[in-house]
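Everything on this sheet refers to the single structure shown next.
The values are calculated or read from the model by the stated rules, or taken from the named source; none is laboratory data. Here the structure is a predicted model, which means the values were calculated and not measured. With ideal geometry, Cβ positions are generated from the backbone for all residues, glycine too; neighbour counts draw on all protein chains shown. Accessible surface is based on the protein model in full, side chains and every heavy atom, while ligands, DNA and RNA are left aside. Shrake-Rupley method; radii C 1.70, N 1.55, O 1.52, S 1.80 Å.
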Amino acid sequence: MILMNGLKNAFNQNKSIKILIIFESMKIAFFSTKVYDREFFDRYNIHHEIIYFDAPLNEQTVNLANGYKAICAFVNDKITANVIKDLKNNGVQLIALRSAGFNNVDIAAAKANEIKVVRVPAYSPHAVAEYALALILTLDRKTHKAYNRVREGNFSLDRLTGFDLFGKTVGVIGTGKIGQIFCKIMLGLGCNLLAFDIIANKELEATGVEYVPLLDIFQQADIISLHCPLTEQTKHIIDANSIGMLKAGTMLINTSRGGLVHTVAAIEGLKSGRIGYLGLDVYEQEEKLFFNDLSENIIQDDDIMRLLSFPNVLITSHQGFFTQEALTEIAKTTLSNLDDFEAGKVLKNLVV
Ligand code: NAD
């Protein structure tokens with residue numbers, strides 16, 4: 001039945017198809033799914049049997065994967081060595097990540113258990129780069145506060161003063177797909193761009209971005225935006241030591257991974273004034289909070305509650321990727337990764 005629907009959809013979408021490669025439908029368990037995941041995957045899925053679970057994938061839920069050949073996971077699913085062992089015992093052969101980052105997967109354990117891991121290396125780098133700008137402009141010009149004030153009939157401008165971005169020094173850590181686009185956006189606004197990456201991008205340099213040592217970024221930037229992955233080298237790249245080097249009032253933006261910023265050090269940095277503005281779309285302990293409506297719950301995480309008490313902190317729930325274009329690309333690339341696996345083809349988005 002699923003196969004028949006798949007064929008029907010394929011014909012509906014492309015009348016010129018004469019011969020179809022017939023895929024056997026593969027059963028895939030999707031973890032941590034929300035309404036929007038189902039909407040986009042159902043729109044583009046032709047021949048797989050997808051079972052959506054609300055539950056995240058972790059040591060408590062892994063047995064839901066029993067009988068599935070593949071599972072699909074997202075950024076806060078904790079795919080530890082134990083989870084991988086249990087996935088193997090449940091017959092899973094493939095972990096399809098519907099994200100670019102894979103820091104939540106024990107890659108060595110996946111390799112040792114011969115479970116393949118694929119990802120979506122780029123879905124919309126523009127989405128995240130543009131979102132970093134949204135955080136900067138909101139923190140700077142306080143549009144979120146102005147919106148609330150005006151709706152309550154308060155037309156005062158008191159304490160809404162911002163600053164021009166033109167002429168400011170922006171430090172970018174990580175100039176891969178997202179970091180590059182972010183640099184170009186900020187160059188367009190007339191900022192001076194300093195960058196740090198383990199590999200300098202010559203093309204970006206030619207546009208006016210200056211690669212400098214990390215220390216120079218900490219000491220000279222008015223705004224620092226993080227666009228590197230979370231690795232052993234980058235974990236807590238923003239800690240008490242680096243915060244101690246910042247100019248007073250520096251704006252720090254993290255749209256990358258929560259673990260790049262030492263949360264308690266950031267709180268101290270806000271109290272001392274070294275951090276003048278903090279924009280976080282990711283948070284070190286986000287897996288217990290983000291993507292869920294906890295408005296009627298007692299939040300047990302004291303660090304996030306302290307952060308939320310500062311007037312110059314803006315936190316959002318990992319929504320940098322959340323555009324129509326990115327959700328489309330995530331669904332299409334993930335399904336194509338699953339097709340390739342099922343057809344025994346080379347996996348072009350293989351992590352391990
Ligand atoms: P990318 O792989 O294209 O670029 C990462 C860059 O970081 C590379 O140029 C790499 O050389 C550099 N890098 C690696 N180690 C470094 C180090 N120690 N110091 C400095 N630079 C280092 O990745 P991308 O697509 O640009 O994504 C960047 C990050 O953004 C991802 O790792 C992911 O964590 C995050 N992300 C967040 C969202 C969101 O919704 N907020 C969405 C997608 C990606």
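A count restricted to region 304-352 and to residues that are within 16 Å of the ligand (Cβ to nearest atom), without any contact (Cβ under 8 Å) to a residue 40 or more places away in the chain and open to solvent by 40 Å² or more (accessible area, probe 1.4 Å) stands at 3.
Pick out the one residue from 143, 138 that is farther than 23 Å from residue 338 by Cβ and either within 11 Å of the ligand (Cβ to nearest atom) or touching a strand residue (DSSP E or B) at 6+ places or on another chain (Cβ under 7 Å) (or both). Can you show your working first?
Details: 143 fails: either within 11 Å of the ligand (Cβ to nearest atom) or touching a strand residue (DSSP E or B) at 6+ places or on another chain (Cβ under 7 Å) (or both).
On inspection, the qualifying residue turns out to be 138.
Is it true that some residue in region 149-170 is within 13 Å of the ligand (Cβ to nearest atom) and under 20 Å from residue 250 (Cβ atoms)? No, because not a single residue in region 149-170 is within 13 Å of the ligand (Cβ to nearest atom) and under 20 Å from residue 250 (Cβ atoms).
Scanning region 34-68 for residues that are of a type in the set (Ser, Thr, Tyr) and assigned to a helix (DSSP H, G or I) gives 36, 44. Considering region 188-211 alone, what residues qualify as being in contact with a Gly (Cβ under 9 Å, 6 or more places away or on another chain) and more than 12 Å from the ligand (Cβ to nearest atom)? If the condition is that a residue be in contact with a Gly (Cβ under 9 Å, 6 or more places away or on another chain) and more than 12 Å from the ligand (Cβ to nearest atom), then 190, 191, 192, 193, 194 are the ones that fit.
Taken over region 69-81, the residue count meeting the criterion of being without any contact (Cβ under 8 Å) to a residue 40 or more places away in the chain and either farther than 12 Å from residue 107 by Cα or of a type in the set (Ser, Thr, Tyr) (or both) is 1.
Filtering region 256-303 to residues that are within 21 Å of the chain's Cα centre (by Cα), without any contact (Cβ under 8 Å) to a residue 24 or more places away in the chain and part of a helix (DSSP H, G or I) leaves only 288.
One residue alone among 42, 54 is out of contact with any helix residue (DSSP H, G or I) (no Cβ under 6 Å at 6 or more places or on another chain), among the acidic types (Asp, Glu) and under 14 Å from residue 334 (Cα atoms), and that residue is 42.
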